[in-house]
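The structure under discussion appears below in the form of structure tokens.
The values are calculated or read from the model by the stated rules, or taken from the named source; none is laboratory data. Being a predicted model, the structure only gives us computed values, none of them experimental. Because the Cβ atoms are built from the backbone with ideal geometry, glycine has one as well, and the counts that use them run over all protein chains shown.
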Amino acid sequence: MYRYSVAKSPTDKQGVFALIRKIYGIEGYLTGNGSAFDKYLLLETSMVFRGLVNNKLFGTISVVTDLGHGLPMDILYKKELEALRQQGKLLAEVTQFAVDHDIIKQEDLFFNSLKQLTTDLPLFKLVLDFAAFKNLDFLCITVNPRHAKFYQSLGFVQFGELKYYESVNNAPALLYVLDLHEFKNKKLPGIFKTLSAQPDFSLFT
């Protein structure tokens, strides 16, 4: 059984951090024993989501709201973000998206490539619901170019040139943003239509 929730307790967050370190380590995005972004996930203005299958953690994604602490991506894209801030826009960064599909395969005998997408999308639905709850204007994300098409299909548009995170082995990054006001009226294709369903704010109150 699949379940999606907010990581609230220290134990929940420790599990999330361990998953991030495992998946990002495999991808070569980590140096040392942790992530440069962990500190942002501990802020009260951040929301950490998790996905579980048969009570085993398989996925996570987080939202860091731009409320005085800055955003992790400021290290690369502060100039671009300031252009939105100066317009009075409320921003948040989508970060630390990690999924261990091996866990899903072990727990779900009917797992396939299509189901892989349907297990990931509820995490993004929680992000969008939280953005609506907070009345955000833009969601921002740094994307490895090889994953860009996926985010484009969700409605994100490129907002910055290619740069590199020196702190994570020079991983390439592109800044993408999602205008949440435009998203409300966007007709999403196929399976992505689930993302535009009525928001559920019960997890955030």
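Residues Lys125, Lys134: which one is buried (at least 16 other Cβ atoms within 10 Å of the Cβ) and either aromatic (Phe, Trp, Tyr) or in contact with a strand residue (DSSP E or B) (Cβ under 7 Å, 6 or more places away or on another chain) (or both)?
Result: Lys134 is the single residue among Lys125, Lys134 that is buried (at least 16 other Cβ atoms within 10 Å of the Cβ) and either aromatic (Phe, Trp, Tyr) or in contact with a strand residue (DSSP E or B) (Cβ under 7 Å, 6 or more places away or on another chain) (or both).
Against the condition crowded, with 17+ Cβ neighbours inside 10 Å and at pLDDT below 95, how does Tyr77 come out, does it pass? Even if it seems obvious, please write down each step before you answer.
Working: crowded, with 17+ Cβ neighbours inside 10 Å: yes; at pLDDT below 95: no.
No; evaluated as a whole, the condition is false for this residue.
Could you identify the single residue in Ser167, Ser202, Ser196 that is more than 18 Å from Ala148 (Cα to Cα), among the hydroxyl-bearing types (Ser, Thr, Tyr) and touching a Leu at 6+ places or on another chain (Cβ under 6 Å)? Please lay out each step first, then the result.
Working: Ser167 fails: touching a Leu at 6+ places or on another chain (Cβ under 6 Å); Ser202 fails: touching a Leu at 6+ places or on another chain (Cβ under 6 Å).
The unique qualifying residue is Ser196.
Show the residue pairs meeting these rules: Cβ distance below 9 Å; 6+ apart or different chains; first residue within the range 50-69 and without any contact (Cβ under 8 Å) to a residue 24 or more places away in the chain; second residue among the hydroxyl-bearing types (Ser, Thr, Tyr) and part of a loop (DSSP other than H, G, I, E, B).
So the pair list comes out as Leu67/Thr45; Gly68/Thr45.
Being crowded, with 23+ Cβ neighbours inside 10 Å, aliphatic (A, V, I, L, M) and within 16 Å of the chain's Cα centre (by Cα) is the filter here; which residues of the range 80-97 pass it?
Those that are crowded, with 23+ Cβ neighbours inside 10 Å, aliphatic (A, V, I, L, M) and within 16 Å of the chain's Cα centre (by Cα): Ala92, Val94.
Just need a number here: residues in the range 47-97 that are over 19 Å from Phe133 (Cβ atoms) and basic (Lys, Arg).
4
Looking at the range 165-182, which of its residues are over 17 Å from the mean Cα position of the chain (by Cα) and part of a helix (DSSP H, G or I)?
Glu166, Ser167, Val168, His181, Glu182, listed by residue number.
Among (1) at pLDDT 90 or above; (2) under 12 Å from Ala98 (Cβ atoms); (3) part of a helix (DSSP H, G or I); (4) of a type outside the set (Gly, Ala, Ser), where does Ile26 come up short?
(1)
Quick grid of which residues meet (1) within 15 Å of Val48 (Cα to Cα); (2) at pLDDT 95 or above; (3) not in a helix (DSSP H, G or I):
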| site | (1), (2), (3) |
| --- | --- |
| Lys105 | no, no, no |
| Gln116 | no, no, no |
| Asp120 | yes, no, no |
| Leu126 | yes, yes, no |
| Phe130 | yes, yes, no |
| Asn135 | no, yes, yes |
| Cys140 | no, yes, yes |
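Do we find that Ser46 is within 30 Å of Ile103 (Cα to Cα), among the polar types (S, T, N, Q) and at pLDDT below 95 in this structure?
Details: within 30 Å of Ile103 (Cα to Cα): yes; among the polar types (S, T, N, Q): yes; at pLDDT below 95: yes.
Yes; evaluated as a whole, the condition is true for this residue.
Is it true that Val53 is modelled with pLDDT of 95 or more and under 21 Å from Phe204 (Cα atoms)? Talk me through it step by step, then tell me what you get.
On the way: modelled with pLDDT of 95 or more: yes; under 21 Å from Phe204 (Cα atoms): no.
Here the answer is no, as Val53 does not meet what is asked.
Those residues that are surrounded by 19 or more Cβ atoms within 10 Å (Cβ to Cβ) and either of a type in the set (Asp, Glu) or on the phi > 0 side of the Ramachandran plot (or both), I need them from the range 138-174; list them, please.
The one that is surrounded by 19 or more Cβ atoms within 10 Å (Cβ to Cβ) and either of a type in the set (Asp, Glu) or on the phi > 0 side of the Ramachandran plot (or both): Gly155.
Would you mind stating whether Val6 is at pLDDT 95 or above and buried (at least 19 other Cβ atoms within 10 Å of the Cβ)?
Values: at pLDDT 95 or above: yes; buried (at least 19 other Cβ atoms within 10 Å of the Cβ): no.
Answer is no for this residue.
Quick check on Gly88: is it part of a loop (DSSP other than H, G, I, E, B), modelled with pLDDT under 90 and among the small types (Gly, Ala, Ser)?
On the way: part of a loop (DSSP other than H, G, I, E, B): yes; modelled with pLDDT under 90: no; among the small types (Gly, Ala, Ser): yes.
For Gly88, the condition - part of a loop (DSSP other than H, G, I, E, B), modelled with pLDDT under 90 and among the small types (Gly, Ala, Ser) - is not met.
If you check every pair at least six apart or on different chains, which have Cβ atoms under 6 Å apart with a residue in the range 181-194 that is over 20 Å from Phe133 (Cα atoms) and modelled with pLDDT of 80 or more first and a residue that is among the hydroxyl-bearing types (Ser, Thr, Tyr) and surrounded by 10 or more Cβ atoms within 10 Å (Cβ to Cβ) second?
Pairs found: Leu188/Ser196.
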